[in-house]
């Protein structure tokens, strides 16, 4: 890298710090809606359509693998786990490139383009079976979706945080509203794409997902002015470097096309990359940050590591729990994939209640800390599995009521962890580390998703011996992981006061300083009005 490139990196970090922490610009002229910047709702709708496409495809994926491509349950579980893990690994790359060079807005736009192409490719189903040519198109479609998610996921969440000062009491509420957009899209996608795919054909379900992603891209591009200049790249980003970064994205597509076919490589990558990433974050915290910021990074890492167990168990929903619903639940002829919408519907209904609850408790000094909420989340997650096990004992076919109950408990647990975690990552990280910490949060989700695939594969390999034996094995696993989740949740609650101390919330302040050189690097036209 040339000396000019090194200087550019420094300026990009300064601009990122300025953009992520400055007071909300032209609040009066831009206006608000429901007490929040209008830009939040642009991000809400863009993410809603992106989640429509992702979860619409995800609802069908395990059935597509087992019923169309004829993979057995064990193979399908591993492929599903590797794919979803890669979806959460790539935000590390996307977050890094956005932080250093591209800016969050361009990264989100590029990611949306890749996602649209990938989802439309999923519509080419071929003849099924193990046809090599058609399978290669399928692997390529997954690769485009993986890399597109990497550019979009972490960065669109960061833009949400950039709309608010770090101490703004609206932040948790904003992320919960944003999370409603995620789950409104997920609910609609699972219902529509799942129904079309299982009733009329795979290409109809996946095609609908592609159209949804295209709508998300259109919303984000058309309403860019309402983002108030947040997430823009520095003026020093040249066209040559920008297109070079897009080529890097295409190279990543090729790499993911190979890795999703070689799932064991994904596990090795998770281990090595995870160790390097954690070491880098901790080294930066110890060597480069002042004591309170260092402690906040330690607290963030505790939350990140705790989330791995949550996602490893929660993500049984799309694999083993989806197959269990298909085979062992009295669902009255409703396609099993449609039940993937239950979690998202619950979130749409319950998220406003949780947002209001946290605000009401916060004003009275009674709100649980973020670590305490994580402990509560794990306990509810475990309780959900135990409720399903109890319901399965009532007869040969599990009453559908217990599917609604497990998703209810998993949803309330998710609302205690996921939007709270998103907000905590953005609050605890120094501005120049915002995207890398958010990327690390998604990396923990990747690890959890990969472990989830291994759990599903283990239950699937046993299920091959017969449906009855398979049901008992799945329920045995669910009973075990349910009790483990409850025990770990209690432990997290016990240590939560210590983790809260590391967060130093009493000294958390907004950084309104502008890095030296920002004026010449950040164009006046894009900079917030003073």
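The values are calculated or read from the model by the stated rules, or taken from the named source; none is laboratory data. Bear in mind that the values here come from a model prediction, so they are computed numbers and not experimental data. With ideal geometry, Cβ positions are generated from the backbone for all residues, glycine too; neighbour counts draw on all protein chains shown.
Just checking, which of 112, 98 is at pLDDT 90 or above and touching a helix residue (DSSP H, G or I) at 6+ places or on another chain (Cβ under 9 Å)?
Sole residue among the options that is at pLDDT 90 or above and touching a helix residue (DSSP H, G or I) at 6+ places or on another chain (Cβ under 9 Å): 112.
Looking at residue 88, is it in contact with a helix residue (DSSP H, G or I) (Cβ under 9 Å, 6 or more places away or on another chain), surrounded by 24 or more Cβ atoms within 10 Å (Cβ to Cβ), over 23 Å from residue 224 (Cα atoms) and at pLDDT 90 or above?
No; evaluated as a whole, the condition is false for this residue.
If we scan segment 395-414, do we find a residue that is without any contact (Cβ under 8 Å) to a residue 60 or more places away in the chain and closer than 20 Å to residue 490 by Cα?
yes
Please determine whether any residue of segment 281-294 is crowded, with 19+ Cβ neighbours inside 10 Å, closer than 29 Å to residue 205 by Cα and more than 21 Å from the chain's Cα centre (by Cα).
Checked segment 281-294: no residue is crowded, with 19+ Cβ neighbours inside 10 Å, closer than 29 Å to residue 205 by Cα and more than 21 Å from the chain's Cα centre (by Cα).
Under 6 Å between Cβ atoms, which residue pairs at least 6 apart in sequence (or on different chains) link something in segment 82-99 that is under 15 Å from residue 54 (Cα atoms) with a partner that is at pLDDT 85 or above and outside any helix (DSSP H, G or I)?
83/260
Identify, by number, the condition in (1) under 23 Å from residue 328 (Cβ atoms); (2) buried (at least 21 other Cβ atoms within 10 Å of the Cβ); (3) modelled with pLDDT of 95 or more that residue 378 doesn't meet.
(1)
So residue 265 ticks every box in (1) surrounded by 20 or more Cβ atoms within 10 Å (Cβ to Cβ); (2) in contact with a helix residue (DSSP H, G or I) (Cβ under 6 Å, 6 or more places away or on another chain) but one. Which box is left unticked?
Result: residue 265 passes all but (1).
Somewhere in segment 183-200, is a residue without any contact (Cβ under 8 Å) to a residue 60 or more places away in the chain, closer than 20 Å to residue 108 by Cβ and either in contact with a strand residue (DSSP E or B) (Cβ under 9 Å, 6 or more places away or on another chain) or part of a helix (DSSP H, G or I) (or both)?
no
Would you confirm whether or not segment 339-362 contains a residue that is touching a residue at least 40 places away in the same chain (Cβ under 8 Å), farther than 30 Å from residue 36 by Cβ and surrounded by 17 or more Cβ atoms within 10 Å (Cβ to Cβ)?
Within segment 339-362 (the criterion being touching a residue at least 40 places away in the same chain (Cβ under 8 Å), farther than 30 Å from residue 36 by Cβ and surrounded by 17 or more Cβ atoms within 10 Å (Cβ to Cβ)), the answer is yes, since at least one residue qualifies.
Any residue at all in segment 160-182 that's at pLDDT 85 or above, under 18 Å from residue 119 (Cα atoms) and under 21 Å from the mean Cα position of the chain (by Cα)?
no
Among the listed residues 249, 216, 240, 229, identify the single one that is modelled with pLDDT under 90, out of contact with any strand residue (DSSP E or B) (no Cβ under 6 Å at 6 or more places or on another chain) and within 17 Å of residue 144 (Cα to Cα).
216
Collect the residues in segment 236-254 that are farther than 21 Å from residue 115 by Cα, surrounded by fewer than 16 Cβ atoms within 10 Å (Cβ to Cβ) and in contact (Cβ under 8 Å) with a residue 24 or more places away in the chain, keeping them in residue-number order.
Hit for segment 236-254 is 241, nothing else.
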